[in-house]
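All remarks here apply to the structure that follows.
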Amino acid sequence: MSPAAGVVAPSLTDLAEQIAHKLAAYDANPEHPDLIGKPEGNPVQIRPAFPDAATFTKRLTDGVSANAGRYAEGVRAPRRNFLEAAKASNGAWKAGVQAAVAGDRFLGGLNKVNADEAIETAATLGAQSYVPGVTGRAAKIQRIMTEVSPMMAAAVASARALPADSDAQREARAIAMIRAARAVGISRRGGK
C-alpha cells in the first residue's frame, strides 16, 4: 500500500530534535505526564509513555525468571534456521569487519557448525545461564535504563503526537516510532 501524497514520517533528525526538546522538558519537570502518566484518572488511569528504569528492570528480571523453560523451548524450535540466517548476513558482516573479510573467516567458520549440536548446547547450557545472566545484571540494566527510559518516553510521546486519522498517517506514525527508537539507540551509543 502506497502512502497518501503529502503524508511523510518525520526524519531521524527531526525526531532526534523532538526527543531533545522533550528531554529538556523532563529535566524541567520530573513529574511530566510522559514520565509518570496520569495516575489518578477519571475514568482511566494512564501509564507513562515508557516504563521508568526500575519498572523496566523489574519486569525484565521477573519475566526471564518466570520463563526460563520457554527460553529453552524457543532455542530448540527456532522461528528460522539460525545457521542459514547467519550465513545470509555474511555481506553485512564483511562491510563492518574488513580485516576478517580478506580470508572470509566468518563464512568458513559457519560452514563447520553442526546446527543440531549448537541448538542442543544453547538449549541446555543457555537456559541454565540465561536467567542468572539477566538477573545478575539487574543493576547494570537499571543504570542504563535510567538514561534510556526518559529518551524512550520522549520517542513514544513524539510518535503518538502525530495524527492517526488515516491508514497513511498511521503508517507514517509507525515509521516515526521506528525512527524515534533508532534515534534513541544512536544517541545512547554516541553515534551519528
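Annotation for K38 and A66: the two label points, set 7 Å from Cα along the Cα-Cβ direction, are 2.8 nm apart.
Could you compute the FRET efficiency for R170 and K140, with r as their C-beta to C-beta distance and R0 at 41 Å, rounded to 0.05?
0.70
Mean sequence separation of contacting Cα pairs (under 8 Å, at least six apart), scaled by the length of the chain, corresponds to a relative contact order of 40 percent. The peptide list 156-166, 87-97, put in order of mean Cβ contacts within 10 Å with the highest first, becomes 156-166, 87-97.
Two numbers describe the Cα atoms of the range 73-153: Rg and Dmax, which are 17.2, 44 Å. When you filter the GluC sites (Glu not before Pro) in the range 1-95 for DSSP loop state and at most 12 other Cβ atoms inside 10 Å of their Cβ, you are left with E31, E40. Dividing the helix sum by the residues of the chain, where each DSSP H run of 4 or more adds -39500 (n - 2.57), gives a mean residue ellipticity at 222 nm of -20500 deg cm²/dmol.
Each of A138, S149, P48 was scored by the projection of its Cα onto the charge dipole of the range 12-189, and the greatest displacement toward the positive side belongs to A138; charges sit on the C-beta of Lys, Arg, Asp and Glu.
Pairs to check: K38/K58; K58/K94; K58/K112. Give those whose C-alpha atoms are more than 31 Å from each other in this structure.
Numbers: K38/K58 21 Å; K58/K94 38 Å; K58/K112 40 Å.
Flagged as over cut-off: K58/K94; K58/K112.
Excluding same-chain neighbours fewer than eight residues apart, the aspartates and glutamates reachable from K140 by a Cα-Cα span under 17 Å are D52, D62.
What value does the range 12-189 have for Rg/Rh, both radii from Cα atoms and Rh as Kirkwood defines it? Intermediate values should be presented prior to the final figure.
On the way: Rg = 20.8 Å, Rh = 19.7 Å.
Looking at the range 12-189, the ratio lands at 1.06.
With a simple spin-label model that places each label point 7 Å from the Cα along the Cα-to-Cβ direction, the separation between I178 and N114 comes to 4.0 nm.
Only the coordinates and a few stated rules stand behind these numbers; no lab work does. Fair warning: this is a prediction, and the values are worked out from it, not measured in the lab. Positions of Cβ are generated from backbone atoms using ideal geometry, with glycine treated the same way; all protein chains shown enter the neighbour counts.
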